[in-house]
Structures are given as C-alpha cells and as structure tokens.
Amino acid sequence: MDLLKKANYIRDEVIRVAVRRGAGHIAPSLSCVDILVALYYNAMTYEPENPLWEERDRLIFSKAHGCYALYAILADKGIFPKKEWEDFYTERSILPGCVERKVEYGLEGGCGSLGHGLPIAVGLAFGARTRGKDYHTFCIVGDGELQEGTTWEALQFAVKHEVKNLTIIVDYNRLQAMDFVINILDKEKDGLIKKLRGFGLSPVVCPGHDVIKLTHSIHAAKSSLENKPKVIVAATVKGFGLKCMENVPKFHFRVPTKEELTMGKTYD
C-alpha cells in the first residue's frame with residue numbers, strides 16, 4: 001500500500017467532511033493524520049472485520065478533540081458504516097465531536113476530558129501483561145494535553161512496573177487550544193523531552209508527517225525489548241495541509257472560510 005497516498009486521502013476526507021458539516025477541531029485532527037495512517041494501515045495488529053477480536057492491538061486516542069482523522073480511517077477500513085462518517089456532526093450520526101468509547105466501532109476509550117487517556121492506556125497494557133496477553137497498546141497524546149489530568153502519575157506507574165507493551169506517541173505540534181505550549185507552561189523549547197527523560201523514559205523524535213519514518217519508528221518501538229514504555233515524539237504541524245491553518249492558534253476550533261480555503265493545500 002502507498003501510505004503517502006493513503007495519508008493524503010485521509011487528509012482530504014477530514015477537510016471535506018468537517019468543512020461541509022461546519023465542525024471545528026480540524027487543525028488538531030490534521031496534525032495526527034500520518035500517525036494514525038502508519039498505525040492502522042501498517043503497524044497495528046488489527047482485524048477491521050472483527051473490532052472485538054481479543055488479540056487486537058489497542059489504541060487509546062487521548063487527544064480526543066482531534067478525532068476526525070481517526071473517524072475517517074475507521075470508516076475507510078469498514079469498521080463502522082461509511083454513512084456515520086458522511087453524516088458526522090449531525091443528528092443522523094452517533095459519532096461525537098470528541099471520542100467516546102464504542103469498541104464495536106473501534107473506539108477503545110472515551111477521552112473528551114483531556115489528560116486521562118494515557119492512564120487508561122497504561123491500565124490496558126498492564127492488564128494485558130498480567131494476563132499473559134501478547135497484544136500491544138498504543139496511546140496518542142497531544143503535547144498541550146500533557147499539562148492536564150493524571151498523565152505524569154500514570155507515567156511513573158508505567159516506568160516503575162515496567163509496562164513495556166505500551167507505546168506512547170506524542171503529537172508534538174507545540175500548540176494547545178488557543179496559544180503555543182511554550183507560552184502556557186513550558187519554560188523552554190524542548191522542555192517536554194527533558195521531562196520525559198527525567199521520568200526514566202527514552203523518547204525518540206521522529207518527523208510526524210513522514211508516514212514511512214513513522215511506520216519504522218512504531219515497528220521499532222513495538223518490537224523493543226526495553227523494560228519500560230516506549231515514547232515517540234512526532235514533530236508535527238497543527239493544521240498540516242491547509243495553508244491558511246498551519247501553525248495558526250486561532251484555528252484550534254474555527255472552521256476556515258471559503259476565502260481562506262482558496263489559499264490551497266500544502267500537499268498533493
């Protein structure tokens with residue numbers, strides 16, 4: 001499969017459906033497209049026709065506001081009816097603006113309250129290990145989201161108890177709801193990397209819009225024998241793909257106008 005073409009198709013789908021429906025949160029959805037494509041079309045052990053398969057890899061999508069790319073992929077793979085995605089953000093669809101748990105639709109955890117998806121993922125991975133299960137758990141978090149919830153408590157537990165069947169992927173776009181992360185809590189440019197190392201982790205930085213390199217990094221993390229969670233820091237751009245939206249804080253929830261959309265895309 002041509003992963004780049006698939007990633008561009010999913011980007012097109014996110015823009016098409018979200019703009020048509022007037023759904024915000026397009027920018028945080030676009031920054032994680034390549035991460036999700038690498039997972040669902042290559043790296044995860046998953047059977048689309050059987051989303052309840054016990055041995056499937058789990059994904060907890062903790063940055064739940066950016067779920068449109070996840071919905072587009074689950075619809076593309078036939079995990080839930082395409083009509084649910086086409087009717088997204090209307091009363092005709094059950095898909096919410098933030099991920100809610102519906103395992104038969106491939107949605108493993110409800111994470112609308114940010115900062116709590118990682119503890120869920122740690123629990124899933126720890127439970128799998130204690131029951132002798134081989135499946136891997138992935139968790140996608142936002143760098144702004146890491147300021148919230150029980151994130152760091154969960155990381156301490158995961159390192160202490162050697163939860164090695166967990167891979168955390170940070171959508172490192174350096175933006176949160178209305179401003180750059182460094183303007184809110186971070187004191188320095190790469191403060192997140194230092195924090196992760198300080199908690200005993202070994203973060204690997206990867207270009208977050210190079211779906212091939214992401215795939216290689218995810219496979220390496222999944223197969224690693226290190227006795228601790230793996231962390232991939234995927235350097236991304238919020239709003240990636242739309243010239244009007246890239247790296248612009250005001251587009252966290254705002255829908256672009258027709259005039260702004262005429263500025264075009266940054267991918268083929």
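Numerical summary
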item	result
From 204, 159, 163, residue being within 24 Å of residue 247 (Cβ to Cβ) and not polar (S, T, N, Q)	204
Residue list for segment 76-89, restricted to those being in contact with a helix residue (DSSP H, G or I) (Cβ under 7 Å, 6 or more places away or on another chain), over 18 Å from residue 8 (Cβ atoms) and outside any helix (DSSP H, G or I)	79, 80, 88, 89
So residue 99, is it in contact (Cβ under 8 Å) with a residue 12 or more places away in the chain and within 12 Å of the chain's Cα centre (by Cα)	yes
Count - residues of segment 231-261 that are outside any helix (DSSP H, G or I) and either of a type outside the set (D, E, K, R) or more than 19 Å from the chain's Cα centre (by Cα) (or both)	21
Check on residue 264, free of Cβ contacts under 8 Å to residues at least 24 places away in the same chain and either in contact with a Ser or Thr (Cβ under 6 Å, 6 or more places away or on another chain) or of a type in the set (Gly, Ala, Ser) (or both)	yes
When residues of segment 180-204 are limited to those that are assigned to a helix (DSSP H, G or I) and in contact with a Lys or Arg (Cβ under 8 Å, 6 or more places away or on another chain), the one nearest to residue 222 (Cα to Cα)	181
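Each reported figure results from applying straightforward, stated rules to the coordinates on display, with no laboratory input. Just so we're clear, the structure is a prediction, and the values are computed from it rather than from any experiment. Note: ideal-geometry Cβ built from the backbone for every residue, glycine included; neighbour counts use all protein chains shown.
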